[in-house]
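The values are calculated or read from the model by the stated rules, or taken from the named source; none is laboratory data. The structure displayed is predicted, hence computed values, not measured ones. Quick reminder, even Gly has a Cβ in these numbers, built from the backbone with ideal geometry, and neighbours come from all protein chains shown. Remember, those area values only see protein heavy atoms, side chains included, never the ligands or the DNA or RNA. Shrake-Rupley method; radii C 1.70, N 1.55, O 1.52, S 1.80 Å.
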Amino acid sequence: MSILSVEHVCKSFGSFEALKNVSLTVEKGEAVAIIGSSGSGKSTLLRCVNNLEKITSGAISIDGEYLVTTQNGRAVYQSEKQLRRICMKTGMVFQQFNLFPHMTAIENITVAPIRILGQNRADALANARRLLDVVGLADKADNYPAQLSGGQQQRIAIARALAIGPDIMLFDEPTSALDPELTAEVTNVIAKLAAEDITMMIVTHEMEFARRCADRVLFFDSGEVVAQGAAAEFFQNQENERVRRFLSSIEK
């Protein structure tokens, strides 16, 4: 069974069609990179999967449970209680780090497991320390966000998303706010997670990162998936002219 299934999803903002009949799946343990020009619908798709945006029509299911289906031509969502439960199966990492500035790194990581999942404090702290080690920041547990670099803050954000035990991680251009040196810190952590078969979908403008970390690449253009394939073949033997132009412009 696919961890994520997106079926004929359309999303409009007024007269603008951000997503046009998008269908895709993500399998357990698979890392899928989504690339394409700005405004092509990549981030909108992630936000629809995580219920931050409501679709116009189509269906989305996570681990076999439907978040939304379409009846009589309109999107019908689960109850708010069910939506919250299903969305806890996703861990989202945004372009901006969105850490709570008044909380230390370890407090940022434990807040959702304790307050939302009801974990006891000792277990949540033990898991947070394990995740801090995973992202290479075991020595920063008691630092506040203002005491951390951008790359360190984003790695804390990754640990925070992992702390709820999601079935799939969603990364929305996680390095776009970072300079090249700090970008490597974050991409190396995500590559490590991919190597450990953490299921993920990554919107990125970093082509080498997509080539190195992804099992499969999807190319979005004007709200549609116009090309996809295994990462190595996608970048080496691309037949789609639109994709070739995009890759050529990125490499210049």
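Okay, here's what the table says:
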{"item": "Förster-model FRET efficiency, 25 Å R0, Gln236 and Ser38, C-beta, rounded to 0.05", "result": "0.50"}
{"item": "Residue-normalised accessible area of the chain, given per residue in Å² at a 1.4 Å probe", "result": "46 Å²"}
{"item": "The range 1-83 shape via C-alpha gyration tensor axes, a/c threshold 1.5", "result": "oblate"}
{"item": "Label corresponding to Rg/Rh (Cα atoms, Kirkwood Rh) when calculated from the structure given, among [x] 0.94; [y] 0.97; [z] 1.05", "result": "[y]"}
{"item": "Amide proton proximity set for Ala18, modelled H, under 5 Å, gap of 5+", "result": "Lys11, Ser12, Phe13"}
{"item": "Cα-centred dipole magnitude for the chain, charges only on beta-carbon of K, R (+1) and D, E (-1), debye, nearest 20", "result": "620 debye"}
{"item": "Asn143-Asn72 FRET efficiency (beta carbon distance; Förster radius 35 Å; 0.05 resolution)", "result": "0.10"}
{"item": "Separation of alpha-carbon centers, the range 167-184 and the range 68-106, rounded to whole Å", "result": "19 Å"}
{"item": "Highest to lowest packing among 145-156, 55-66, scored as the average C-beta count within 10 Å", "result": "145-156, 55-66"}
{"item": "Förster-model FRET efficiency, 25 Å R0, Glu65 and Gln228, C-beta, rounded to 0.05", "result": "0.50"}
{"item": "Part-to-part distance (alpha-carbon centres) for the range 1-60 and the range 204-252, which is given in Å", "result": "17 Å"}
{"item": "Value at 222 nm in deg cm²/dmol, rounded to 500, when DSSP H runs of n ≥ 4 in the chain each add -39,500 (n - 2.57)", "result": "-11000 deg cm²/dmol"}
{"item": "Qualifying lysines (Cα of each under 30 Å from Cα of Lys42; at least 8 residues distant if same chain)", "result": "Lys11, Lys20, Lys28, Lys54, Lys81, Lys89, Lys192, Lys252"}
{"item": "Protein accessible area in the range 41-191, 1.4 Å probe - carbon and sulfur %", "result": "48 percent"}
{"item": "Full-extension gain in nm, Arg245 to Thr25, via 0.36 nm per residue minus C-alpha separation", "result": "76.6 nm"}
{"item": "Gyration tensor verdict on the range 89-140 (Cα atoms; rounded if a/c is under 1.5, prolate if a/b is larger than b/c, oblate otherwise)", "result": "rounded"}
{"item": "Pair Ala126, Glu196: separation of 7 Å Cα→Cβ label points (nm)", "result": "1.7 nm"}
{"item": "Positive-end extreme of charge dipole, the chain - chosen from Leu4, Pro174, Thr70 (charges on Cβ)", "result": "Thr70"}
